[in-house]
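The values are calculated or read from the model by the stated rules, or taken from the named source; none is laboratory data. In this text, all values refer to a predicted model and were calculated from it rather than measured experimentally. So basically every Cβ, Gly included, is an ideal-geometry build from the backbone, and we count neighbours across all protein chains shown. Side chains included, ligands, DNA and RNA excluded: accessible areas come from the protein's heavy atoms. Shrake-Rupley method; radii C 1.70, N 1.55, O 1.52, S 1.80 Å.
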Amino acid sequence: MELVFNGRMLLVAAMGFFFIQGLLAAKVDVDKKEQTVLVGDPVTYMCRVAVPLQYCRVEIPGLRSFNLNKGMSNADVAYVGEGLEYGQCGFTMYRVKDNNNGEIKCTLGITNEPQESVGAMSLIVARKPQPPELDISRGADHVSVYKVDDLLQATCLVRDGRPVANISWFLGDDPIDLSELTMPTVLDLAKENLQSKVQNLTRRLQASDSGKYLRCVAYHPAYPDGQAETKRALDIKYAPLPQRQQIEEFGYEIGKAGSINVTVQANPRPTFEWSVNGQRIKEGSNDNTGIMMATLAEELGNGEYRASLRIARIGKQDTEKEYILTAYNDQGSETYKVKISTNPEPKGINKFLRRHVYGLYGYEGGVVAVIGIVVAILFVILTVSLLIFAKLNGRWCFSGGATVIDYTGGDNQHHHSDITSDGVDNPHHQVSSEYINGNDMIKKDEKINTAV
């Protein structure tokens, strides 16, 4: 028992000795704990202590150990610093190789210290990851075509990078909302210190998503341009979008040819049919008089189509008709009512409302936009009205001290009665009944010119 006890005491003493020796070792200051470089690039580290050094030894993965000083260098590594006597052990690697990736150590020997001092740094030699991979779920009908309100699920994977790549999502050129993304997961491959990143997306599809590219962009210093991407076009079926306000077209001339044009958004391409006074005119055909022709709809791109009805000669009766366009595909149908006029197109606020407010009804969020515009207009009108009221009645910012002229005295003498600073008229001031509404300069029988 005594032998076992003595052995334990010796073990504890040895551990205490090494612990104390470690505490006595000088602390090494390292300027850069971690650096990421490309293969072939140079890299520099600096280890220093506050006392002179006996030696400076450097251990680099993929290379042998080097004992460095101010006058020593080789084909791989060179000393950097003012000298060992200043406590500096710096070094530069001329051309980094892939196998240099890992932990680098600088071991410093100090006079009168039995324990070596060690500094550790991390060298990350960037390795280009694989191009990003994009996997997306199928539509509700288990095909690559989707419908509005389908739930799209997508996964982006970037494999085997060093360091791990960063991922960003875009729909066209617009960043995907972060609420539609999960936190990315990092997968480690310990053998070569490589990492992969994977991230998932869930999005409720809208008609405006159709025709756009879902893009996964990976960013990494080892990519040729710093980034790489993969993308997938979204083909979303939807019925023709509505325009709830009647369309008005202006500028037609009696006796001349004219064309009625309506732009429709839909996917797939809809079929178009015009109706004029109960007569139906399919695209590519004429009415029974031969004066009207429904041309084949022109594809404008991004799901937009322009349907046109040409009138060979505009008559007065044509301006009194209602033109109805029906567009339909396998997702549904929509009608658009058009009135034409020989009047010039309205300008100013009427033109703005007709083009921007009325047209917003057929798009997502249109009602909100209309309400916002109307509220803004009402606010401006209310503000102007309040300012005019204040000006006429001397209220608020127009209520400063004013001078009232008394015309009631004889001999055409004007007697001035100042309004007191608290806004109360001088009690001795009298106003003639010939003047009304608080305007001393306006008589009852005078005509007042007002803005129309």
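Within region 86-122, can you find the residues that are open to solvent by 10 Å² or more (accessible area, probe 1.4 Å), without any contact (Cβ under 8 Å) to a residue 60 or more places away in the chain and over 16 Å from residue 31 (Cα atoms)?
The answer is 94, 95, 97, 98, 99, 112.
Residue-wise test of (1) assigned to a loop (DSSP other than H, G, I, E, B); (2) not hydroxyl-bearing (Ser, Thr, Tyr).
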position: 78; (1), (2): no, yes
position: 82; (1), (2): yes, yes
position: 91; (1), (2): no, yes
position: 99; (1), (2): no, yes
position: 104; (1), (2): no, yes
position: 107; (1), (2): no, no
position: 122; (1), (2): no, no
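Which residue out of 161, 172, 211 is modelled with pLDDT under 95 and of a type outside the set (S, T, N, Q)?
Exactly one of 161, 172, 211 is modelled with pLDDT under 95 and of a type outside the set (S, T, N, Q), namely 211.
Regarding residue 175, is this residue over 25 Å from residue 265 (Cα atoms) and open to solvent by 80 Å² or more (accessible area, probe 1.4 Å)?
Judged against the criteria, residue 175 is not a match.
In this structure, is residue 306 modelled with pLDDT of 95 or more, touching a strand residue (DSSP E or B) at 6+ places or on another chain (Cβ under 6 Å) and either closer than 15 Å to residue 243 by Cα or not in a strand (DSSP E or B) (or both)?
In short, yes.
Return the pairs, sorted by first residue and then second, in which the second residue is open to solvent by less than 50 Å² (accessible area, probe 1.4 Å) and aliphatic (A, V, I, L, M), the first residue lies in region 279-291 and is at positive phi and part of a loop (DSSP other than H, G, I, E, B), the beta carbons are less than 8 Å apart, and the residues are 6+ apart or on different chains.
284/294
Of these, 253, 283, which one is surrounded by 12 or more Cβ atoms within 10 Å (Cβ to Cβ), out of contact with any His (no Cβ under 9 Å at 6 or more places or on another chain) and among the charged types (D, E, K, R)?
None of the other options fit; the residue is 283.
Report, ordered by the first and then the second residue, all pairs with beta carbons closer than 7 Å, sequence separation of six or more or different chains, a first member in region 123-140 that is free of Cβ contacts under 8 Å to residues at least 12 places away in the same chain, and a second member that is open to solvent by 30 Å² or more (accessible area, probe 1.4 Å) and assigned to a loop (DSSP other than H, G, I, E, B).
Final answer for the pair search is 138/144.
Among the residues of region 119-136, is any over 27 Å from residue 195 (Cα atoms), of a type in the set (A, V, I, L, M) and in contact with a Leu (Cβ under 8 Å, 6 or more places away or on another chain)?
no
Which residues, counting only those in region 34-71, are in contact with a Phe, Trp or Tyr (Cβ under 6 Å, 6 or more places away or on another chain) and of a type in the set (A, V, I, L, M)?
58, 68
Okay, residues lined up against (1) under 25 Å from residue 147 (Cβ atoms); (2) open to solvent by less than 20 Å² (accessible area, probe 1.4 Å); (3) assigned to a helix (DSSP H, G or I):
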site: 161; (1), (2), (3): no, yes, no
site: 168; (1), (2), (3): no, no, no
site: 195; (1), (2), (3): no, no, no
site: 202; (1), (2), (3): yes, no, no
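Restricting to region 39-85, count the residues that are surrounded by 15 or more Cβ atoms within 10 Å (Cβ to Cβ), without any contact (Cβ under 8 Å) to a residue 40 or more places away in the chain, among the hydroxyl-bearing types (Ser, Thr, Tyr) and closer than 16 Å to residue 108 by Cβ.
1
So which residues in region 157-194 are free of Cβ contacts under 8 Å to residues at least 24 places away in the same chain and within 13 Å of residue 130 (Cβ to Cβ), if there are any at all?
The one that is free of Cβ contacts under 8 Å to residues at least 24 places away in the same chain and within 13 Å of residue 130 (Cβ to Cβ): 187.
Residue check, residue 277 against (1) under 46 Å from the mean Cα position of the chain (by Cα); (2) of a type in the set (S, T, N, Q); (3) more than 21 Å from residue 242 (Cα to Cα), all met but one. Which one?
Checking residue 277 against (1) under 46 Å from the mean Cα position of the chain (by Cα); (2) of a type in the set (S, T, N, Q); (3) more than 21 Å from residue 242 (Cα to Cα), the one that fails is (1).
Of all residues in region 205-224, which are in contact with an Asp or Glu (Cβ under 6 Å, 6 or more places away or on another chain), of a type outside the set (Val, Ile, Thr) and either part of a strand (DSSP E or B) or closer than 17 Å to residue 159 by Cβ (or both)?
If the condition is that a residue be in contact with an Asp or Glu (Cβ under 6 Å, 6 or more places away or on another chain), of a type outside the set (Val, Ile, Thr) and either part of a strand (DSSP E or B) or closer than 17 Å to residue 159 by Cβ (or both), then 215 is the only one that fits.
Looking only at region 207-227, filter to residues that are under 29 Å from residue 150 (Cβ atoms) and charged (D, E, K, R); which one of those is most open to solvent (accessible area, probe 1.4 Å)?
Checking each candidate, the answer is 212.
Which ones in region 237-278 are farther than 30 Å from residue 204 by Cβ and part of a strand (DSSP E or B)?
Passing the criteria: 247, 248, 249, 258, 259, 260, 261, 273, 274, 275, 276.
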